[in-house]
Each structure stands twice: as C-alpha cells, then as structure tokens.
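> Take this structure, written in structure tokens, and hold onto it; I'll ask about it next.
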Number of protein chains: 2
Amino acid sequence: MSLTNATPLQVAQSARLGSRKLAVLSTEERNAALTAIHEALAAGKDEVLVANAKDLEAANKAAAGGTLSQSLVKRLDLGKKGKYEDMLQGILDVRDLEDPINKTTSRTLLDDDLLLTRLTCPIGVLLIIFEARPEVIANISALALKSGNAAILKGGRESSHSFAAIASLISSALSSTAVPPSCLQLVQTHDVVADLLKLDDYIDLCIPRGGNALVKYVKNSTSIPVLGHADGLCITYLCADYPVEKAIKILIDAKTSYPAGCNSLEQLLVESSALTTTLPAVAQALLDKGVSLRCDPLALSALKEKLDSHSAALLQEAGEKDYDTEFLDLILAIKTVDNVEEAISHINTHSSHHTDAILTSSSSAAKHFLSSIDSSSVYWNTSTRMADGQRYGFGTEVGISTNKIHSRGPVGLEGLTIYKWTIEGDAQVSAEYGAGGKAWKHQKLPTGDDEWTAQNDEEKELLRKFRAGKTNSV
Amino acid sequence: MSLTNATPLQVAQSARLGSRKLAVLSTEERNAALTAIHEALAAGKDEVLVANAKDLEAANKAAAGGTLSQSLVKRLDLGKKGKYEDMLQGILDVRDLEDPINKTTSRTLLDDDLLLTRLTCPIGVLLIIFEARPEVIANISALALKSGNAAILKGGRESSHSFAAIASLISSALSSTAVPPSCLQLVQTHDVVADLLKLDDYIDLCIPRGGNALVKYVKNSTSIPVLGHADGLCITYLCADYPVEKAIKILIDAKTSYPAGCNSLEQLLVESSALTTTLPAVAQALLDKGVSLRCDPLALSALKEKLDSHSAALLQEAGEKDYDTEFLDLILAIKTVDNVEEAISHINTHSSHHTDAILTSSSSAAKHFLSSIDSSSVYWNTSTRMADGQRYGFGTEVGISTNKIHSRGPVGLEGLTIYKWTIEGDAQVSAEYGAGGKAWKHQKLPTGDDEWTAQNDEEKELLRKFRAGKTNSV
C-alpha cells in the first residue's frame, strides 16, 4: 500500500495498471499477501495504537468542544478490548475464504472444438470512501486483494494518524509479495474525492461506507457505479394470527439490539384485528425497553385503552413523515393496516428496499408477502437484524446493497467480481453458421473444474480433448 | 402497451406500480401475454406495413434531401422479405426460453428451521431508448415481459408511424391478459428523454440501443445504471506460429462479414516475426475484399516489399489516432508488436473491452492472453464476430455490455434479472447467535427445486419439513 499525495489521475492510472497485474496472480500469491499483511499488523500493533492515541486525543478535544459525537470517538478507538485482534483475525478469515475468481460458471460447446466459457474475474479498480472506523482499512484491503481488485482508499480525517500507521505497515508487508504496491493506495490529500469520482475511465466501482449523507453525495456526484445503500428503513408487518411471545422476541431484537444499525426496525405495521389482541403486549415490551412509540390514531386509541396509564402516557402520535424516517434510535412508528395487501403496498412505497418482514402463522400470506415485496431481503418470522453478510454465511461483507443490479442485500466477495467470456476455437468463423450453414450445438457442459466426471463416451472424448490441448478452463 | 403523452413522472410512476403486479404473475401468465402479442401482430401485419410505408416515404424524402442515410432507410423497412416474420418468430422464441425469474440460486440452512434462499426476480422498470429499427419494439417488449420487467420505450422519430401501429396492436392484445397495460409504455412526446433520465426513484435500468453518440449521451445524463456499450473497438493479435490459411479465414470473417457491427475487427496486431511470413498473404486477402489497410512503419515496409506493386500502392500509413478509432467500415489498422506481452498491453490500453482475440498455436501464449485481457469476451483462434447472444446460445440478446458490473458481454434474459434474499424462520433472532450464543449452521443445500433428492436422513427430514409447512422456495 502506498500512502500517496499523487494527483487523483496518477493514483487512478497506477491503480489500473496494478490491477491488471493483480488480476493474474494465483490464489496462493494473493493469499500470501494477506498473510504478510496480517503478520505486519500483528507485529506493528504498538505503533498503530500510538498513532490511534493521537487520533483519539484530537477526537476527545473535538468532542469536548461539541464538534464531534461521543459515539464517533468510540468508533475511533482501536485499543478497545479485542478490537485490534478482531481486525487481525478478519484478515485471516478473508484469506481462508474460497477464491472468488477464476471460477467457471458456465460452459457451452458451441460446436465441435468451439468452447464458450464464463469465468469469474475481478472488477478492476475499486474506490472505497469510508468514515471514521480505522479497522475498515484492513478489512477492505483484505477483501480487495482476495478478489483480485486494486483499491483506492480514502478515509475520514478523524482517523488519519491510525490510517497512516496501518498503511505504512501494509505497504512494507506488500513489498515482499507479488502484489504491486499501486494495488492498494491510501489517498491522504484533502478534497480529492470529487476529482476521483470523475475518473470513470480508470475506476470501475465506488463503495461508500458511511452514513446516508456520504452515500447520497457519492451517488449524485459520479457516473461510476456505486455499491451501497443510503437508507435502511426496515418495516415489519405483524399479523393477528402470530403468537404474541414470538412477536415480542422478534420485535425486541429488531428494534433494540442495535438501533443505529441499517437493518434495525423503524416501522411496525399491525393488522387491524391485532390492535387489541397482540399489539398491547408487544407495545408494553417495547416501552419497557425504552422505545418511543409513534402511533397512528387507531393504534393509539387501542393502546390507550389497553395499557396502564403510566405506559399510555408515554405513547406519541405519529406524523406522516414518521413513515418515511430512518430513526436510527429507540423510536418506532406504528401503523394499522387492514390486510397483507395493504401492508405490501405500504412497504413497497415507504421502505428503503433494504429488509422487510412478515410475522404470521399463515403460509399463504407469507408466500404472497415474500414474492410481492420488492426489497433486497424479505423475511418470514424472523428479525430484520438478520440482514448481514456474516449471518448469511459469507464470512465477511463489503456492505449491504439496495441496488437493483449486480449485487443486492449483504454483499460478500462475490459482489466484487464480474466475469468474462472466453471462446477457444479452431478457426471457426461466424459466417459459417446460421441460415443455410452449420447449426450451433449449444451443448451445456458441467462447470465444476475438478468434479467433471464424463457421463458418456461423447463427454469422455470432449474431456480428453480439452484436457490434452486446451486451456485450464476445462 | 399504452401509447402515451403523459408526463415523464406519470409514465415512470405508473410503470413502477405495474411492475409490481407483473413481477408476481406466473410463468404461464407472462407467456400467454407473449402469445397474445404474437397473434395480434400477425393479424395486424397489413396495418403495420401501411404505417411503415408512411415512415419509409418520409425517410426516402429525407434521404433524397441528404438529411438521412440510405442505410437508415433500409433499416426502417419492415416490408423487406422475411423481416416481419422474423420479428414475429422472435416473440415466440423469447416466450419459449426458460423462465429467468423465481429461480432458486442459493439455499443455506442458517440454523434449524431458519432457511436463507436467493431467488431471481425482475429488476423492475427498464427505460429503453432506441433508434430507427421498428422491429426492436416487439423484441424488447417480449424480453421485458418474459423477465417480469415493466418497460418504458422511446423510439427514434423516423419510425414513429410504425411504432404507433405496433404499440396499438400490442396494447389491445394485452388488455385480454393479466399484464397491466402500464407495464409497456411507448412514449411519443418529443424531448422527454432528458426528464426520464432523472427519474432514478422509479426507473431501475436504462438500456440505450443505438450508436455511440446515443449511448454516450445517456451515460453522461443519468444516475440510473446504464447497460450497454459505447464503442466496439475489437482487436486481434496474430502470432507467427499460426497457420496462414486459418488466419485468413478468421480475419476475413472478423473484418468483412458485417463491418458496421460492434463486434467487427478494427485492429490487427502482428507479431514482428510474422511480418514477412504470414502477414503478406493475410494483407493480400483483406485487400482483395476491399479492406483499406492502415499500417505502422514496420508492417508497411514489410508489405511493400512482399506485395505486388498494385497492392502495395493501396497501403496506407497509420496515424496514432487509427489505434483508437472504431471505423465501422472496411478499414483495418495494423500494428507490429514484439510479443504477447506487448499485445496484451496494447489491447488493454486501446481496445474498448468488447471482444479481443489471439490467433496462435501455442496453448501457453493463449492461456496467458485469455487471462490477461480485460475485455468482456476474449477469444483464442476464432473471429471477434462470435460475440453475439444468439451465437452464445441465449436465444436472443438485450445488447452487449462492456460494463464491469452486473452483466458483461452479450446480455441475455439473465441480464434483466436480479435476486432477492428470503429467510423463513421460527422466531429466531440475531442476538441469540455469535459470541457466547448459538452457532450458525451455514449448511449449503441443493438449489434445484424439482431435482433435490435427499442425500441422507438429515436432508430427508429437512425436505419433508420445508415441503410440508414452508414456502415453495424448497
């Protein structure tokens, strides 16, 4: 990794050149680079923490002066118990994931000796813009190298000392590996983001990791594709038939286990027939956890009748904008709907298409909901907080995407890959085929590189032929 | 299909609402709509051709006045032998393709009774902007409905009578089907494109089908993702070891079979040791087909020495910009390189990342080339003209993408889909798992809906359980 003060154009061009070399390194070479980074960061823990202490000192001053929030100061602290070790372990976890590139995902025999193959490959050059958390730099570097992508990193000013220390360790670690240093560049110059966002000839994908304002700014400032989500406005629809204890368990988790998370619950839709049956106990449980409830008139009057006066006094009236607000806090908007159709229509209009859920004992209602909700994750009888790459079994996540193309929901390493098509032929040409000419075979072949066991004589012959003379794509 | 003069916002909002209904229609309902469109267009052939004749008359006048090219007039003509029937057959071909949506592409048991499924689904609302060819409207309508997407279509002015006639037939055909009419809207108002391109809240993907200028305009005018390619600058590298007859066959096809095609060859790189061996015969064959050759100094002097004086006189000197030009004509730029490394570096810098090829008998050179070239299609010993959805076996194609995300190369129906994640649970919540809590199972399960045959007792029990109580996703 180089810590660079080069111009944005120089940074992007050198990343592009580096990415071409990185893309053809072997799995072992990329993994060895991750091992080297891990060792360097483990050995350099003390110097990173010294640098981190400088960032913390400045942040604490700013917090005392009221220009920085306490939660941001907390996020900066790499010395917090286990945090540095988690960061180190994360690098090894990424290293040990399956290699996402050079995988054959489709193989078609177009004609004799004319083989079409689809192979996964890196996207190329990533631009990653992130806010305060300094450990993200190690995580992102690991993900980029594992997937064969070069990355240009721009971190928040608050972590600049920590970033510089980590980048310097990664840089010297990489010098002993096959990875060109231009494949990981930490941009230190201020105010370069706007210029970087213009370089769509050299940068293939931009990943902003931070709050709503950052993501919106990036999306509106570039023609480079952006992976991520601006809002996480998650909604759950509670049906009258769902057992109250299970509903409480799920909704408490969804709302209170990490209110600042993008997958936390912001709105509860309640089937009208549940207003006086399930809702009061659910509302009481949420109030007991300190959640402010902003209710529509129907829910409000039902709850006022059922709850004790102390609890009833805590209830608030919802305004229209509460149904379009991501609170990121212990606040929940509640709205009454008559049926699943109305719930679907409300969610498709008001949710941020991140994660929405239905709680019901009816499999037909659930099926209808799962197929009708246009969101990246749609759940039946579980908490919206499940939306997470670790929980989905990806090992790690790049972020969560609400895009409608490429990668949707929690994005793992696969989201950092694309594919290329190869054809291996023997001088066949396009004009030989079609009207009056030869017919295409279009024979689908197995894709597993090691596991292709020929099913019959024809496949045996094919396998022999390609293994003998052709590329490693069979 | 409605022929609309509504405002861009009304068009986009109604398409969004329609798309939600379309997304949950069954395969049979969507196929029935394609059958109805086919029948209506077959029965209405005469009225379409009458309308088309009006477009042709205007176009011929414009061509006589020099404001329209003759090739555009030809593309307008729906009455040309077989063209209308091809358009009709195309609709049935699309109908009979495998349904690309509601396919399970991943299934993981996160824990007992907690199933994560990845299901393909439509992208949502497409904006398709195309130029003169009137048959594209039928083709695009079929592709959109087959994949469950709503489409807003904006065609070139030259075909407006043909478009209106076709749209009116499609509109009445759809009225007897389950597809909401707002799912296919032909925008007739002039100058609405700029406004439509701003509606990224309602439009998910934009597909410009036309020339370089249209694609570049669209890419620079919107934050909606754009699928397509601006340039098709395809390059082939000819190695000295490759048999001359095969080289001629491939290069004649690549350069001359359809020079206006985006997959046609624009540049030939020649290994320096082939300058006096293979190149002269290749050059002669290309000259015989009327191809103008623009050569670098080394190729020029080698060819001047080897070709007869008549042919030698036809050779031209290449300028630097010839190596960055998509000629779309019978012109080929020729450049000498010393080896495969130099060829790779030139192609990665100058090609448009559409389709590039190597002609060699060396499997090691070919492997290196296939893995190093950063283009959507990379070939060994075949013509760049192979880059086409029909030829790849997709049945039809939406276009060819040089994007680095989502879909790359010829794009079939799969490129019009994305996926959603569903979880079916039984009140499990996120806080139960991880440090000190329950462990995730993350057990990968088979994805084939019909073909999942349980491998052991545990899988049998799983299968029984999900088939009994849960959704159709297992």
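> I want to confirm something. Restricting to the range B:253-266 and keeping residues that are crowded, with 24+ Cβ neighbours inside 10 Å and not small (Gly, Ala, Ser), which single residue is nearest to residue B:335 (Cα to Cα)? Spell out how you get there, then give the answer.
Our first condition is that a residue be crowded, with 24+ Cβ neighbours inside 10 Å; within the range B:253-266, this holds for B:254-255, B:262, B:264-266.
Then drop every residue that is not not small (Gly, Ala, Ser), which leaves B:255, B:262, B:265-266.
Details: B:255: 15, B:262: 20, B:265: 13, B:266: 11 Å.
Checking each candidate, the answer is B:266.
> For the range B:277-321, what are the residues that are in a strand (DSSP E or B) and within 21 Å of residue B:240 (Cβ to Cβ)? Full working, then the answer.
Filtering the range B:277-321 for residues in a strand (DSSP E or B) gives B:292-295, B:316-317.
Across the range B:277-321, the qualifying residues are B:293, B:295.
> Can you pull out the residues in the range A:112-125 that are facing chain B (nearest Cβ under 10 Å) and either out of contact with any helix residue (DSSP H, G or I) (no Cβ under 7 Å at 6 or more places or on another chain) or at positive phi (or both)?
Across the range A:112-125, the qualifying residues are A:113, A:114, A:116, A:117, A:118, A:119, A:124.
> Now for a separate question. Of all residues in the range B:135-166, which are within 23 Å of the chain's Cα centre (by Cα), within 19 Å of residue B:75 (Cβ to Cβ) and of a type in the set (Gly, Ala, Ser)?
Passing the criteria: B:138, B:141, B:155, B:156, B:159.
> Can you tell me which residue is nearest to residue A:27 (Cα to Cα) among those in the range A:63-100 that are touching a residue at least 60 places away in the same chain (Cβ under 8 Å) and in a helix (DSSP H, G or I)?
Going through the qualifying residues, I end up with A:95.
> Report, by residue number, each residue of the range B:213-242 that is of a type in the set (A, V, I, L, M, F, W, C) and more than 22 Å from residue A:406 (Cβ to Cβ). Full working, then the answer.
Keep residues of the range B:213-242 that are of a type in the set (A, V, I, L, M, F, W, C), which gives B:213-215, B:218, B:224, B:226-227, B:230, B:233-235, B:238-240.
Hits for the range B:213-242 are B:213, B:214, B:233, B:234, B:235, B:238, B:239, B:240.
> Of the residues B:245, B:271, only one is over 27 Å from the mean Cα position of the chain (by Cα), modelled with pLDDT of 95 or more, farther than 30 Å from residue A:404 by Cβ and surrounded by 19 or more Cβ atoms within 10 Å (Cβ to Cβ); which? Spell out how you get there, then give the answer.
Working: B:245 fails: surrounded by 19 or more Cβ atoms within 10 Å (Cβ to Cβ).
Selected residue: B:271, the only one of B:245, B:271 that is over 27 Å from the mean Cα position of the chain (by Cα), modelled with pLDDT of 95 or more, farther than 30 Å from residue A:404 by Cβ and surrounded by 19 or more Cβ atoms within 10 Å (Cβ to Cβ).
> In this structure, does residue B:301 turn out to be surrounded by fewer than 18 Cβ atoms within 10 Å (Cβ to Cβ) and within 14 Å of chain A (Cβ to nearest Cβ)?
Numbers: surrounded by fewer than 18 Cβ atoms within 10 Å (Cβ to Cβ): yes; within 14 Å of chain A (Cβ to nearest Cβ): no.
Judged against the criteria, residue B:301 is not a match.
> For the range B:426-474, which residues satisfy the criterion of being at pLDDT 85 or above, in a loop (DSSP other than H, G, I, E, B), within 11 Å of chain A (Cβ to nearest Cβ) and within 42 Å of the chain's Cα centre (by Cα)?
B:440, B:441, B:442 - these are the residues of the range B:426-474 that are at pLDDT 85 or above, in a loop (DSSP other than H, G, I, E, B), within 11 Å of chain A (Cβ to nearest Cβ) and within 42 Å of the chain's Cα centre (by Cα).
> Now a separate question. Output the number of residues of the range A:202-215 satisfying the condition of being in contact (Cβ under 8 Å) with a residue 24 or more places away in the chain and over 17 Å from residue A:160 (Cβ atoms). Outline the logic, then answer.
Kept after step one, since they are in contact (Cβ under 8 Å) with a residue 24 or more places away in the chain, are these residues of the range A:202-215: A:202-212, A:214.
From the residues that got through so far, the ones that are over 17 Å from residue A:160 (Cβ atoms) too are A:202-208, A:211-212.
Residues meeting the conditions: 9.
> Filter the range A:322-350 for residues that are among the β-branched types (Val, Ile, Thr), part of a helix (DSSP H, G or I) and buried (at least 20 other Cβ atoms within 10 Å of the Cβ) and give the result.
Going residue by residue through the range A:322-350, those that are among the β-branched types (Val, Ile, Thr) are A:325, A:331, A:334, A:336-337, A:340, A:344, A:347, A:349.
Add one more test, that the residue is part of a helix (DSSP H, G or I), and what stays is A:340, A:344, A:347, A:349.
Hits for the range A:322-350 are A:340, A:344, A:347.
> Pairs please, first residue from the range B:348-366 and within 11 Å of chain A (Cβ to nearest Cβ), second anywhere and surrounded by fewer than 20 Cβ atoms within 10 Å (Cβ to Cβ) and among the basic types (Lys, Arg), Cβ atoms under 9 Å, 6+ apart in sequence or on different chains.
These pairs meet every condition: B:359/B:246; B:363/A:470; B:366/A:470.
> Next question, about the same structure. List the pairs whose first member sits in the range B:265-290 and is without any contact (Cβ under 8 Å) to a residue 60 or more places away in the chain, whose second member is surrounded by fewer than 21 Cβ atoms within 10 Å (Cβ to Cβ) and of a type outside the set (A, V, I, L, M, F, W, C), and whose Cβ atoms are under 7 Å apart, counting only residues at least 6 apart or on separate chains?
From the range B:265-290, the pairs are B:276/B:306; B:280/B:306; B:284/B:311; B:287/B:311; B:289/B:256.
> Considering A:194, A:142, which residue is surrounded by fewer than 19 Cβ atoms within 10 Å (Cβ to Cβ) and either of a type in the set (A, V, I, L, M) or at pLDDT 95 or above (or both)? Lay out the reasoning, then the answer.
Working: A:142 fails: surrounded by fewer than 19 Cβ atoms within 10 Å (Cβ to Cβ).
Checking each option against the conditions leaves just A:194.
> Of A:153, A:127, A:116, which residue is in contact with a Cys (Cβ under 6 Å, 6 or more places away or on another chain) and outside any helix (DSSP H, G or I)? Reasoning before the result, please.
Values: A:153 fails: in contact with a Cys (Cβ under 6 Å, 6 or more places away or on another chain); A:116 fails: in contact with a Cys (Cβ under 6 Å, 6 or more places away or on another chain).
Just a single option satisfies the conditions, and that option is A:127.
> Ok, one more. Could you check the range B:201-230 and list, in sequence order, the residues that are assigned to a loop (DSSP other than H, G, I, E, B) and within 12 Å of chain A (Cβ to nearest Cβ)? Spell out how you get there, then give the answer.
Taking the range B:201-230 as the starting set, the residues that turn out to be assigned to a loop (DSSP other than H, G, I, E, B) are B:201-204, B:210-211, B:221-225, B:227-230.
Hits for the range B:201-230 are B:201, B:202, B:203, B:204, B:221, B:222, B:223, B:224, B:225, B:227, B:230.
> Which residue pairs have Cβ atoms closer than 7 Å, lie 6 or more positions apart in sequence or on different chains, and pair a first residue in the range A:377-397 that is facing chain B (nearest Cβ under 8 Å) and part of a helix (DSSP H, G or I) with a second residue that is surrounded by 22 or more Cβ atoms within 10 Å (Cβ to Cβ) and not acidic (Asp, Glu)?
That search, which allows pairs on different chains as well, returns A:385/A:254; A:385/A:263; A:385/A:264; A:385/B:430; A:386/A:379; A:386/B:423; A:386/B:430.
> Here's another thing I want to ask about it. Scan the range A:22-31 for residues that are under 21 Å from residue A:202 (Cβ atoms) and either more than 9 Å from chain B (Cβ to nearest Cβ) or modelled with pLDDT under 95 (or both) and report the count.
Qualifying residue count for the region: 2.
> State all residues of the range A:231-247 that are touching a residue at least 40 places away in the same chain (Cβ under 8 Å) and outside any strand (DSSP E or B); if no residue qualifies, say none.
Filtering the range A:231-247 for residues touching a residue at least 40 places away in the same chain (Cβ under 8 Å) gives A:231-239, A:241-243, A:246-247.
Correct list: A:231, A:232, A:233, A:239, A:241, A:242, A:243, A:246, A:247.
> Answer with yes or no whether residue A:10 is within 26 Å of the chain's Cα centre (by Cα) and over 24 Å from residue A:91 (Cβ atoms). Steps first, please.
Numbers: within 26 Å of the chain's Cα centre (by Cα): no; over 24 Å from residue A:91 (Cβ atoms): yes.
Considered against the rule, which asks whether it is within 26 Å of the chain's Cα centre (by Cα) and over 24 Å from residue A:91 (Cβ atoms), residue A:10 comes out as no.
> Pick out the one residue from B:250, B:224 that is of a type in the set (Val, Ile, Thr), touching a strand residue (DSSP E or B) at 6+ places or on another chain (Cβ under 8 Å), crowded, with 20+ Cβ neighbours inside 10 Å and modelled with pLDDT of 95 or more.
Values: B:224 fails: modelled with pLDDT of 95 or more.
So the residue among B:250, B:224 that is of a type in the set (Val, Ile, Thr), touching a strand residue (DSSP E or B) at 6+ places or on another chain (Cβ under 8 Å), crowded, with 20+ Cβ neighbours inside 10 Å and modelled with pLDDT of 95 or more is B:250.
> Does residue B:169 satisfy being part of a helix (DSSP H, G or I), under 18 Å from the mean Cα position of the chain (by Cα) and touching a residue at least 12 places away in the same chain (Cβ under 8 Å)? So that I can check it myself, show each step before the final result.
Values: part of a helix (DSSP H, G or I): yes; under 18 Å from the mean Cα position of the chain (by Cα): no; touching a residue at least 12 places away in the same chain (Cβ under 8 Å): yes.
Considered against the rule, which asks whether it is part of a helix (DSSP H, G or I), under 18 Å from the mean Cα position of the chain (by Cα) and touching a residue at least 12 places away in the same chain (Cβ under 8 Å), residue B:169 comes out as no.
> Now a separate question. Sort out which residues of the range A:64-91 are surrounded by fewer than 16 Cβ atoms within 10 Å (Cβ to Cβ) and either at positive phi or among the aliphatic types (A, V, I, L, M) (or both), and write them in order of number.
A:64, A:66, A:82
> Residues to consider are B:423, B:418, B:405; find the one that is β-branched (Val, Ile, Thr), within 10 Å of another protein chain (Cβ to nearest Cβ) and more than 29 Å from the chain's Cα centre (by Cα).
Sole residue among the options that is β-branched (Val, Ile, Thr), within 10 Å of another protein chain (Cβ to nearest Cβ) and more than 29 Å from the chain's Cα centre (by Cα): B:423.
> Condition first: farther than 26 Å from residue A:92 by Cβ, among the acidic types (Asp, Glu) and modelled with pLDDT of 95 or more. Can you find one or more residues in the range A:110-127 that meet it?
yes
The values are calculated or read from the model by the stated rules, or taken from the named source; none is laboratory data. What you see is a predicted model; the values in this text were computed from it and never measured. Every residue, glycine among them, receives a Cβ derived from its backbone with ideal geometry; neighbour counts consider all protein chains shown.
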